[in-house]
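Only one structure is covered here, and it is reproduced in the block below.
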Amino acid sequence: QVQLVESGGGLVQPGGSLRLSCAASGIFSSINAMAWYRQAPGKHRELVAAITTGTSTNYADSVKGRFTISRDNTQNTMYLQMNSLKPEDTAVYYCDAKITRFGVAGVYDYWGQGTQVTVSS
């Protein structure tokens, strides 16, 4: 059983910072690309940032220059450093990982349960 667990969400004032973490646990062969998504009330889930197994990253235009995605492959953990937060960043943030399992062909998509980020004064 593979699980992704997010942490680090909370309430922060505009201009503040938060750091989200996503830890993968269970039995698997490897973690390929990982990403953060978010979903605000009444809106579709959108890609925030993505990272390959190396250091290649991409970001939504709305977060470029403010958010930084990173990962620690030794800890099977991904991070999202969020600075200069705005009220429009308020959403549930989900982590996503493309995972290869032992003895099973293919790459499987796993999601965390989500963590709430609220930016408000």
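Brief remarks follow.
- Extreme residue, nearest to Thr100 (Cα to Cα), among residues of segment 40-59 that are within 12 Å of the chain's Cα centre (by Cα) and open to solvent by 60 Å² or more (accessible area, probe 1.4 Å): Leu47
So that you can scan it fast, the table gives a plain yes or no per residue for (1) over 23 Å from Val2 (Cβ atoms); (2) of a type in the set (A, V, I, L, M); (3) at pLDDT 95 or above:
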site	(1), (2), (3)
Gly26	no, no, no
Ser30	no, no, no
Pro41	yes, no, no
Thr55	yes, no, no
Asp61	yes, no, yes
Phe67	yes, no, yes
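- Identity of the residue in segment 60-74, in a loop (DSSP other than H, G, I, E, B) and of a type in the set (A, V, I, L, M, F, W, C), that ends up most open to solvent (accessible area, probe 1.4 Å): Ala60
- Count of segment 16-52 residues which are touching a Lys or Arg at 6+ places or on another chain (Cβ under 8 Å) and over 23 Å from Ser120 (Cβ atoms): 8
- Those residues of segment 75-121 which are of a type in the set (D, E, K, R), closer than 14 Å to Gly9 by Cα and either in a strand (DSSP E or B) or touching a His at 6+ places or on another chain (Cβ under 7 Å) (or both), in sequence order: none
- Filtered residue count, segment 82-91, keeping only those that are touching a Ser or Thr at 6+ places or on another chain (Cβ under 7 Å) and either among the aliphatic types (A, V, I, L, M) or open to solvent by 60 Å² or more (accessible area, probe 1.4 Å) (or both): 3
- Look at segment 94-105: where a residue is open to solvent by less than 30 Å² (accessible area, probe 1.4 Å) and a partner is of a type in the set (Asp, Glu) and at pLDDT 90 or above, sitting 6+ places away or on another chain with Cβ atoms under 8 Å, you get Cys95/Glu6; Asp96/Asp109; Ala97/Asp109; Ile99/Asp109.
- Of all residues in segment 69-81 being of a type outside the set (Val, Ile, Thr) and in contact with a Ser or Thr (Cβ under 6 Å, 6 or more places away or on another chain), the one that is nearest to Ser7 (Cα to Cα): Tyr79
- Checking Val5, Val12 one by one, the residue that is closer than 19 Å to Asn83 by Cβ and of a type in the set (Val, Ile, Thr) is Val12 and no other.
- Near pairs, Cβ below 6 angstrom, 6+ apart or cross-chain, from segment 27-49 (without any contact (Cβ under 8 Å) to a residue 24 or more places away in the chain) to any residue that is aromatic (Phe, Trp, Tyr): Leu47/Tyr37
The values are calculated or read from the model by the stated rules, or taken from the named source; none is laboratory data. Computed from a predicted structure; not experimentally measured. Ideal geometry is used to build each Cβ from the backbone, glycine not excepted, and the neighbour counts take in all protein chains shown. Surface areas here come from the heavy atoms of the whole protein model, side chains and all, with no ligands, DNA or RNA. Shrake-Rupley method; radii C 1.70, N 1.55, O 1.52, S 1.80 Å.
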